Each structure stands twice: as structure tokens, then as C-alpha cells.
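Written below as C-alpha cells is the structure these notes are about.
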Amino acid sequence: MKTASFLAVLALGLAGPAPADDDTPPPLPVFTLDPAAISVMGVSSGGYMATQLAVAHPELFTGLAVFAAGPWGCAQGELSRALNQCMATRRGLPEREALTARLTDYRRDDLVGAAERLADQRVYLWHGEADTTVAPALGERLAEQYRRWLADPETQLKAVRQPGAGHGWPVTAADLSETTELADCREGGAPYLLGCGLDGAGEAVSWLYEDPETPDDTARGMLWTFDQTAFDDDLAERGFLYVPKACEEGAPCGLVMALHGCNMNAEAIGEAFVRHTGLNRWAAANRLVVLYPQATSSLANPQGCWDWWGHEESLWQPEPQHDSRAGAQLSGLVRMVRQLSGQAKRPAE
């Protein structure tokens, strides 16, 4: 942790962000982060949001990992399209030309990042071939987009289709506690951590970061909570942050933002996602802070999804720009990253 931030936290009468069970979450701290080692990962609605972040701010996110989600820009601000063309394909697959036109318009208006920065990203994509929530063909549409966008798809993109796997994030038993059970690989369901014999977090980290250390359970870290209300009113009050001990002590570290899916926030499944995806083990071994923001349920968003179809803006904006730099929720998440890396003043000030 940087000295200035640490002293500011002490001035509040705290020794740092609170453990995950504290009643009053403190503000986000500041760490010494390597700007070339910031990535975003997500599953389902979190996968859609992760791609939105990566396309809107490729200068910030050098890596992207998506589990069980479809192409960028798919919903185009319409819930009906999200349900019928971006999860199921009752209306057919999303048209490539329409998505390309959306990206072109956004780039013209400076609502997404430069094509040159997008071309430099490293990308890991995973989809289960038995996924009945988000059709596997939609994951392939996302892979097609990145094959066009990346400078060298052969070395920058890894797209995995796992036979017999359903909808969720694949994990291994090594990542579970005694009280958390894996979901069936094919059937899925809560907590959407799939027992498919694949360490999805390890696969993603190994692709996005150069020569990572394999976890050996000697490295240590702690799960903290933080106050999200300063970043976006429509988020849950409490977010989570996994901090390796070395990062807490001031060592230069990377950052992974990890986004849950619908019905996967702490409100729905407790701390299963923030503790048992496998990311924390890899983070501890490789000095990666993991940011686990939390969406919350509402009348417009009853399942606590991330805003990948425009629910936060559709009531007042005819054409929601949720998937751009103008997106309210997307902007709040970016402010979290900038706060952690010392690129912005504390939002509450």
C-alpha cells in the first residue's frame, strides 16, 4: 500500500480495509499497481460487462477473460434482444454488420478506446458446449470479433469450448471450502462454480500474464470489503477485494477485476464467488490484487446482473450507451480501478 494512502486510512482510525465480515466497509485503498498488468474477467453477465470494459478502455485493461458470454454490443440497449438474441438465439445470431457499425459509431464519438490499443490485448474465452443459458454460438461470435480486432490472434487469443460443460465458471475441488459444493458440470445452477475438472482461473491467469507462478499454498492474502456507494448508486453497498500480503506491504502488483454473473453476487450466493473461483490462490502466488465488485438486485434488474443490456439507463435514455465510456455502471467500475492504482482522488472526498 502506498504510504500516503496508508496514513490516510490510519487517520480514520483503521488499520486498513476491513475483513470480509466487518459491518462498516471502508473506502478503497491505493496500491502500487503495474499499469501493464491490469485485466478484467467475468462470467455470464459479468463476461458481457468485462468485454464492454475492455473495449471501452483498452488503454486501462491489457487482458480480458470471458466465461460463458457472447459478443460485444449484442443487446444494443434492448432487453428483448438480450433475451432472444444474446442468450438464446430465437431471433438468430446477432448480425456482424450491426455490431461493427455500433463500434464504428462509438469510436467516432470517442466512446470506446482506440483500435490500436484494443489490438494489443491478450484474451482468454471459455464456453461450455452444453450451455443452455447463453448459446455456445454466441461465444464463438465474440471470438470472431477478437480475431478481427487483435494484431495477432494466433498468439493473443485463446478460445476454449469444453464438451459437456454448462453455464458458469469452471473450477476444481482444490478451490472449495468444506461448506461449498460444486455445481454439476453440465447442469450448472447455484453457485455456478462448475465441477468440470478445469481450473478456469488458472487457465485465464496463465494466458493473460507472462510465466505465472503455480500456486503452492505458501503465499498468503486476505479478503477485504470496501464501500461501493461512492462509485455508483446502483451497486451493492459492499464490494470485495482480495489482497496478497506482498501487495499490502507495498510491493508492485497487478490487478484483476472479477465480475460475477446474474444470481452470483454475495446477496444471492454469499461469498462463494469471491472465495472459490480459484483466482485468489493464483493471485497470492503472483502478486495480483483481485477486485470483486458487487451488483445488486432491483426492480429493473431482479437477478443482480451487470448492466449489459442498458437497464440502468433505459428508463431515461432512448438509446442507452451502457456499453461505452458514457455508461453509468461501466464508468463506476473504471473509477474503482483508477482509485486502486492511484490515478484518481478518493471519490468520497
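The values are calculated or read from the model by the stated rules, or taken from the named source; none is laboratory data. Note that the coordinates shown come from a computational prediction; the quantities given were computed from them, not determined experimentally. In this analysis, Cβ positions are derived from the backbone assuming ideal geometry, glycine residues included, and neighbour counts consider all displayed protein chains.
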Task: Residue match in segment 124-138 (condition: at pLDDT 95 or above, more than 17 Å from Gly200 (Cα to Cα) and of a type in the set (Gly, Ala, Ser)) - done: yes
Open item on the list: Within segment 190-212, take every residue that is modelled with pLDDT of 95 or more and touching a helix residue (DSSP H, G or I) at 6+ places or on another chain (Cβ under 7 Å) and give me the one that is nearest to Ala36 (Cα to Cα).
Closed with: Tyr209
TODO: Please find, among Ala36, Ala8, the residue that is over 17 Å from Leu333 (Cα atoms), surrounded by fewer than 19 Cβ atoms within 10 Å (Cβ to Cβ) and at pLDDT 95 or above.
DONE: Ala36
TODO: Could you run through segment 248-306 and say how many residues are buried (at least 24 other Cβ atoms within 10 Å of the Cβ) and of a type in the set (Gly, Ala, Ser)?
DONE: 7
- [ ] Hey, can you tell me all the residues within segment 289-317 that are touching a Cys at 6+ places or on another chain (Cβ under 6 Å) and outside any loop (DSSP other than H, G, I, E, B)?
- [x] Val289
- [ ] Please identify the pairs in which a residue from segment 192-215 that is within 10 Å of Thr172 (Cβ to Cβ) has its Cβ atom under 7 Å from the Cβ atom of a residue that is among the aromatic types (Phe, Trp, Tyr) and in a helix (DSSP H, G or I), counting only partners at least 6 apart or on another chain.
- [x] Ala201/Trp282; Gly202/Trp282
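Is it true that some residue in segment 219-237 is more than 21 Å from the chain's Cα centre (by Cα) and modelled with pLDDT under 95?
Checked against the condition, which is being more than 21 Å from the chain's Cα centre (by Cα) and modelled with pLDDT under 95, segment 219-237 yields at least one hit.
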Open item on the list: Need the failing condition index for Arg186 against (1) assigned to a loop (DSSP other than H, G, I, E, B); (2) within 21 Å of Thr62 (Cα to Cα); (3) of a type outside the set (A, V, I, L, M), just the number.
Closed with: (2)
Task: Test result for Arg148, within 20 Å of Leu53 (Cα to Cα), over 20 Å from the mean Cα position of the chain (by Cα) and not acidic (Asp, Glu) - done: yes
TODO: For segment 200-258, name all the residues that are assigned to a helix (DSSP H, G or I) and either in contact with a strand residue (DSSP E or B) (Cβ under 8 Å, 6 or more places away or on another chain) or acidic (Asp, Glu) (or both).
DONE: Gly200, Ala201, Glu203, Ala204, Val205, Trp207, Leu208, Lys245, Ala246, Cys247, Glu248
Task: The lone exception for Gly197 - which of (1) surrounded by 21 or more Cβ atoms within 10 Å (Cβ to Cβ); (2) of a type in the set (Gly, Ala, Ser); (3) in contact with a Pro (Cβ under 9 Å, 6 or more places away or on another chain) it fails - done: (1)
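Given the structure, is Leu118 touching a residue at least 40 places away in the same chain (Cβ under 8 Å) and over 13 Å from Gly70 (Cα atoms)?
Yes.
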Open item on the list: I'd like to know if segment 53-68 contains one or more residues that are touching a Gly at 6+ places or on another chain (Cβ under 7 Å), in contact (Cβ under 8 Å) with a residue 60 or more places away in the chain, among the small types (Gly, Ala, Ser) and outside any loop (DSSP other than H, G, I, E, B).
Closed with: yes
TODO: Could you grab me the full set of residues in segment 156-172 that are surrounded by fewer than 24 Cβ atoms within 10 Å (Cβ to Cβ) and not in a strand (DSSP E or B)?
DONE: Gln156, Pro163, Gly164, Gly166, Thr172
